[in-house]
Amino acid sequence: MDALFQVQTSVPSSMAKRPCPSQNPRIPTFTQMDLLLEAFLGLSDSSSICIDFSFERLLDSLPSDLDQTRLIDRALQMGTYLLEAGKRSARKRATKHNSVVWALPPDLTIKVFSMLDAQSLCFATATCSMFHKCAMDPSCYSNIDLTTVSPRVNNAVVSTMIHRAGNSLQSLKLGIVPGPTSSPGSCQPLVYNVSSFSWNDKRSRQGKESSVLTRSCLNPLGGASTPGMLLKTLHLYNIERMDSPSLRAALSTCPSLLDLEIVGLHVELRQTLMSVIENCPLIERLFFESSKTGRDDSLKSPTCVDLVQKCPRLVSLALRGFKLHDYKVRILVKGLRRLKYVDFSTSYSITGSFLRNLGNNIGGNLLEVLILRDCMHLKEMEVARFMTSLLAGDFKFLRHLDISNREGLASEDDWYERCYNSSIIPIEQVVKERPDVCLLADFPSEGSYFEIEQMLESEVNSDTSLPTQLSSDTSDSMFISSSESSYNSDQGSGNEDGRDAGYVIFEESSDEVDYLAL
C-alpha cells in the first residue's frame, strides 16, 4: 500500500527525467495511469484501514508541515477527480444502455416527458444524457405546475422553467395550496396562512436563496422571447409578496389568456379586473378568491359593465370572499351571455335579489352551476323565490345548486334573525321534481346570535388594518358613494343605498330593459 502511494507521488518526478515530445512531461502515460488505477481500485473494501495507515505513514515521512498540507490537498483533489470520472462513466453507460433498451424514439420520448410533473421531469433530466437531451425540449415545459404545500420554489426555479418553455408555454401554476385534499374550483377555501411558516422554513439550508416567491416571479413572462404571448392558463396561489402592480404587469404580457385563477393574493379586485379587461379579451374562466374575506369592496358598476362588454367569452366566474352588492352581481350574471358556472361563496352583501327573473331569455338562463355557500346576507325569502322559479321550469340547464350556510339564512327584515330549518323553501319538492339538479342545502341545527354578532364585530374592526394597496383609482371617484366605501355599521346588506352615485340602474322586472347590449 505504501508502495502504491509512493509510486503515485513519484510519477511526476520520474516522468520529468524522460519527457515525451508529444505529451506534457508532467502527465503520466496512459499505461502508467491504467496501472495505478487498476492497483488502487483492485483493493478490497476491507482495505480502508490500510489506506488510512499508509496515508498517515506517508504524511509522517514528509519533513515539513507545508508538504503535508500539500499532500492532503492533493489527495482530496485526486479523490474528486476520481469521483467525477466515475459519475461521467456511469452516465455514459446509462445513456448507452437506455439507447439500446429504450423502445421509444426521441419524439415519443419527448411526448412522454411532456406529461410528467415538474419534479419527475427534473429526475428524468438527471438520469442520463439521452434523457437530458429529450427533457430539454420546450414542449416538455408547456404546462408548468410548481404548486407546493410549503414554500420550496423560488424565483430562479420559475425563471428557469419559463425560459426552457419559451413560446411553448401554455399553462403556469405557482404558489402554495392548502393541501392535497383541496382542489381548485371547489367550495373549500384555498386561501392559506403563509405567515404560519417560520423564517427558517422559508429559507433553504446552507445560506442558499430563499424558497419564497416574490413580486418579480412573473417577470420572465415578458422576457426577450415573450413566453407569455401564448399562455392560456395562469393560476396563482397564496403568493404572499405579490402586489397589484406586479400582477397587472404580468397580465399585460398574456393577451391569449383563457383561464385565470387568483387565490390569497394581496391585490385589489377592481384593479385586477381592469387589467383583465384591458389585456385578456379572450378570457373564459376567472376564479378570484380574496385574501381578506368581506373587506374588499372596491368593485364598481362601470367595471362590471366593462367586463361584460370586453370579455364576452366568460363561461365560468367565481368571486369568493368579496363585498359584492346584488345589482353589481346582476350586471355580471345577466350580461355575460355564455356564463355557465357562477360561484360567489363567502361574499358579503349578497341578499339573493339578483336571482329574480334571472332564468328568462335575457341572461342567466344557461347557468349550470350556482354556488352561494356561506353568503352572510343571503335571505331566506330570495332563496325561496329562486326555488319556486326552478319548479316553474326556469333554469333548465342548472345541474348544481349550493345554498349551504354555516350560520343559516337571513330573514327578510333583519339579517340578525337566522333561519336554520326553513319552512318556506321547497327543498324536498325541488329534489323530487328536479332530480337532475344536485342541491346542497346544509344548515346548522341551531345557531348562536352571540357568535354572529362577535364575528361581525371582528370583521368591522379589522377594516382599520386594511392594506394600503386596496385603494381605488381616483379617476372613478364620481361613482363612489359614502355607503359603499365602507362596511355599513347597521349590519345591513348594503344593497338599498349602496349603488354607485350617478350610474343608472334599471329596476328588476319581467320585461327588464337589457342596457348591457349597448
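The values are calculated or read from the model by the stated rules, or taken from the named source; none is laboratory data. As the structure is a prediction and not an experimental result, all values here were calculated from the model. Backbone-built Cβ (ideal geometry, glycine too); neighbour counts: all protein chains shown. For the accessible areas, the whole protein counts, side chains as well, though only heavy atoms, and no ligand, DNA or RNA atoms are used. Shrake-Rupley method; radii C 1.70, N 1.55, O 1.52, S 1.80 Å.
Only one of the numbered conditions (1) over 38 Å from the mean Cα position of the chain (by Cα); (2) open to solvent by 90 Å² or more (accessible area, probe 1.4 Å) is not met by ASP107, and that is (1). Quick check on this structure: which one of SER423, SER411 is hydroxyl-bearing (Ser, Thr, Tyr) and closer than 27 Å to LEU332 by Cβ? The match here is SER411. Across the stretch 236-281, which residue is least open to solvent (accessible area, probe 1.4 Å) among those that are closer than 17 Å to LYS173 by Cα and among the polar types (S, T, N, Q)? Checking each candidate, the answer is ASN238. Here the condition is being outside any helix (DSSP H, G or I) and under 30 Å from ASN238 (Cβ atoms); of LEU104, LEU146, it holds for LEU146 alone. For the stretch 110-126, the tally of residues that are of a type in the set (Val, Ile, Thr), modelled with pLDDT of 90 or more and surrounded by 16 or more Cβ atoms within 10 Å (Cβ to Cβ) stands at 1. What about THR160, is it part of a helix (DSSP H, G or I) and of a type in the set (S, T, N, Q)? So THR160 passes the test.
Just a yes or no: is a residue in the stretch 262-270 at pLDDT below 95, in a helix (DSSP H, G or I), within 25 Å of ASP374 (Cα to Cα) and of a type outside the set (D, E, K, R)? Looking for residues that are at pLDDT below 95, in a helix (DSSP H, G or I), within 25 Å of ASP374 (Cα to Cα) and of a type outside the set (D, E, K, R), one finds at least one in the stretch 262-270, hence yes.
Can you name every residue in the stretch 382-406 that is open to solvent by 70 Å² or more (accessible area, probe 1.4 Å) and either among the acidic types (Asp, Glu) or not in a loop (DSSP other than H, G, I, E, B) (or both)? Answer for the stretch 382-406, where residues must be open to solvent by 70 Å² or more (accessible area, probe 1.4 Å) and either among the acidic types (Asp, Glu) or not in a loop (DSSP other than H, G, I, E, B) (or both): ARG385, THR388.
For the stretch 336-354, the tally of residues that are among the small types (Gly, Ala, Ser) and under 29 Å from the mean Cα position of the chain (by Cα) stands at 3. The set of residues in the stretch 301-318 being in contact (Cβ under 8 Å) with a residue 40 or more places away in the chain, out of contact with any Leu (no Cβ under 9 Å at 6 or more places or on another chain) and open to solvent by 10 Å² or more (accessible area, probe 1.4 Å) consists of PRO302 alone. With the structure loaded, tell me whether LEU355 is more than 22 Å from THR233 (Cα to Cα), touching an Asp or Glu at 6+ places or on another chain (Cβ under 8 Å), among the hydrophobic types (A, V, I, L, M, F, W, C) and open to solvent by 10 Å² or more (accessible area, probe 1.4 Å) or whether it fails that test. Yes.
Screening the stretch 144-168 for residues that are touching a Phe, Trp or Tyr at 6+ places or on another chain (Cβ under 7 Å) and open to solvent by less than 20 Å² (accessible area, probe 1.4 Å) and picking the one that is nearest to ASP117 (Cα to Cα) gives MET161.
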